[in-house]
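Enquirer: Take this structure first; my questions come after.
The values are calculated or read from the model by the stated rules, or taken from the named source; none is laboratory data. If you're wondering where the values come from, they're calculated on a predicted model, not measured in any experiment. Every residue, glycine as well, gets a Cβ built from its backbone with ideal geometry; the counts of neighbours run over all protein chains shown. In case anyone asks, the SASA skips ligands and DNA or RNA and just uses the protein heavy atoms, side chains included. Shrake-Rupley method; radii C 1.70, N 1.55, O 1.52, S 1.80 Å.
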Amino acid sequence: MLAGGALALGTAAIGYGMYETQQFQLRRETLPVLPVGAPDIRILHLSDIHMVPGQQLKRRWLHQLAELRPDFVINTGDNLSHQNGVPALIDALEPLMQFPGAFVPGSNCYFAPQLKNPLRYLKRSRGVPNNSSRNALPHEEMHRHFGAAGWLNMANRNQSVPMKGIRMDLSGVDDAHINRDTFAGWPAGSVNSARSPHVKIALAHAPYQRVLDEFTRTGADVIFAGHTHGGQICIPGYGAVVTNCDLPTWRARGLDQLGAGRTQRPAECVCRHRQFPLRPGTHRLPARSRAGDPDFQVGIVPHRYC
């Protein structure tokens with residue numbers, strides 16, 4: 001009886017988990033981070049797509065996002081879960097690659113994930129994941145496709161992009177989860193660049209405290225990130241049990257505040273997306289977002305991450 005009950009419970013848990021990975025959602029947030037009088041900028045944030053060949057439902061859903069007509073697309077990594085996944089990924093993203101965009105990689109852009117006991121996420125030290133040549137993913141091929149579409153690789157880089165009369169200053173880091181992150185600062189610009197209309201947008205895959213603190217300390221208005229999947233392990237009705245980084249579990253998803261600002265984290269299902277119209281406001285919130293599950297979001301953060 002006990003064995004049968006345990007088996008039934010385990011089967012139900014697996015079934016629920018598989019169901020959740022197919023529940024794609026579109027979420028919208030409005031962030032008042034632009035200079036007063038500036039036009040709205042619509043940003044589509046994608047993260048943790050984890051593409052494998054044959055995922056037709058995910059492909060169709062990603063295709064439909066192009067109907068939103070974003071002004072700019074931000075992709076915060078973990079795009080692949082299979083060594084032959086690049087053609088399927090590029091096919092799924094092709095309509096969105098007609099729009100300007102920027103990206104940073106996650107560990108599952110470099111190395112394929114391996115099957116493991118989910119309870120391993122509860123261990124305090126999980127080490128660097130799958131960083132061997134046999135698990136290597138064709139990230140260079142993927143990045144060539146992104147670059148050919150005009151998407152900017154912001155891994156440990158900074159760059160300014162003009163958008164509707166506003167200067168978007170971008171700064172990104174490579175994946176902190178595998179210790180590839182190096183903060184490159186913000187674009188230097190001209191002598192009077194600080195006085196011209198602009199917004200500072202940060203990109204990261206894994207929202208580790210050191211990354212969020214550095215972006216917030218240097219004046220980020222918005223931080224986009226992924227990795228947490230809304231909690232690598234979640235309990236229905238309770239929420240995240242672990243975030244797979246040093247982010248508190250209560251920050252594993254949704255729009256949040258850093259100090260006086262707000263921050264956005266991901267929700268819990270594979271391949272979701274968030275659309276963020278950036279609106280003019282009388283105050284500038286250092287914003288940043290954390291995503292973690294293939295849900296895509298953003299966050300605002302004036303002051304510092306707490």
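Enquirer: So Ala206 fits all but one of (1) among the small types (Gly, Ala, Ser); (2) out of contact with any Phe, Trp or Tyr (no Cβ under 9 Å at 6 or more places or on another chain); (3) open to solvent by 10 Å² or more (accessible area, probe 1.4 Å); what number is the exception?
Expert: (3)
Enquirer: When you scan the stretch 181-203, how many residues do you find that are touching a residue at least 40 places away in the same chain (Cβ under 8 Å) and open to solvent by 60 Å² or more (accessible area, probe 1.4 Å)?
Expert: Total satisfying the criteria: 1.
Enquirer: (1) open to solvent by less than 10 Å² (accessible area, probe 1.4 Å); (2) assigned to a strand (DSSP E or B); (3) modelled with pLDDT under 85: which one isn't true of Cys234, the others all being true?
Expert: (1)
Enquirer: Can I ask one more? What number goes with the only condition from (1) modelled with pLDDT under 95; (2) open to solvent by less than 50 Å² (accessible area, probe 1.4 Å); (3) under 30 Å from Gly165 (Cβ atoms); (4) not in a loop (DSSP other than H, G, I, E, B) that Gly4 does not pass?
Expert: Here Gly4 clears every test but (3).
Enquirer: Return the residues of the stretch 139-177 that are assigned to a loop (DSSP other than H, G, I, E, B) and touching a Leu at 6+ places or on another chain (Cβ under 8 Å); say none if nothing qualifies.
Expert: Listed by number, the residues that qualify are Met154, Val173.
Enquirer: Return the total of residues in the stretch 55-89 being touching a Lys or Arg at 6+ places or on another chain (Cβ under 8 Å) and open to solvent by less than 40 Å² (accessible area, probe 1.4 Å).
Expert: 5
Enquirer: Checking Pro105 against (1) closer than 30 Å to Pro162 by Cβ; (2) modelled with pLDDT of 95 or more; (3) of a type outside the set (Lys, Arg); (4) outside any loop (DSSP other than H, G, I, E, B), which single condition isn't satisfied?
Expert: (4)
Enquirer: Collect the residues in the stretch 41-54 that are assigned to a loop (DSSP other than H, G, I, E, B) and open to solvent by less than 60 Å² (accessible area, probe 1.4 Å), keeping them in residue-number order.
Expert: Ser47, Asp48, Ile49, His50, Val52
Enquirer: Take the residues in the stretch 90-108 that are open to solvent by less than 10 Å² (accessible area, probe 1.4 Å) and touching a strand residue (DSSP E or B) at 6+ places or on another chain (Cβ under 6 Å); name whichever of them is nearest to Lys58 (Cα to Cα).
Expert: Checked the stretch 90-108; the qualifying residue nearest to Lys58 (Cα to Cα) is Leu96.
Enquirer: Now, a different point. Among the residues of the stretch 143-166 satisfying the criterion of being among the basic types (Lys, Arg) and either under 27 Å from Val36 (Cβ atoms) or out of contact with any Ser or Thr (no Cβ under 8 Å at 6 or more places or on another chain) (or both), which is least open to solvent (accessible area, probe 1.4 Å)?
Expert: So in the stretch 143-166, the residues among the basic types (Lys, Arg) come out as 144, 157, 164.
Still in the list and also either under 27 Å from Val36 (Cβ atoms) or out of contact with any Ser or Thr (no Cβ under 8 Å at 6 or more places or on another chain) (or both): 144, 164.
Values: Arg144: 154, Lys164: 102 Å².
Step by step, filter the stretch 143-166, then rank; the result is Lys164.
Enquirer: Among (1) surrounded by 18 or more Cβ atoms within 10 Å (Cβ to Cβ); (2) acidic (Asp, Glu); (3) closer than 24 Å to Leu80 by Cβ, there is one condition Asp169 misses while meeting the rest; what is its number?
Expert: Asp169 satisfies all of (1) surrounded by 18 or more Cβ atoms within 10 Å (Cβ to Cβ); (2) acidic (Asp, Glu); (3) closer than 24 Å to Leu80 by Cβ except (3).
Enquirer: For Ala155, work out the one condition from (1) more than 20 Å from the chain's Cα centre (by Cα); (2) of a type in the set (Gly, Ala, Ser); (3) modelled with pLDDT of 80 or more it doesn't fulfil.
Expert: Condition not satisfied by Ala155: (1).
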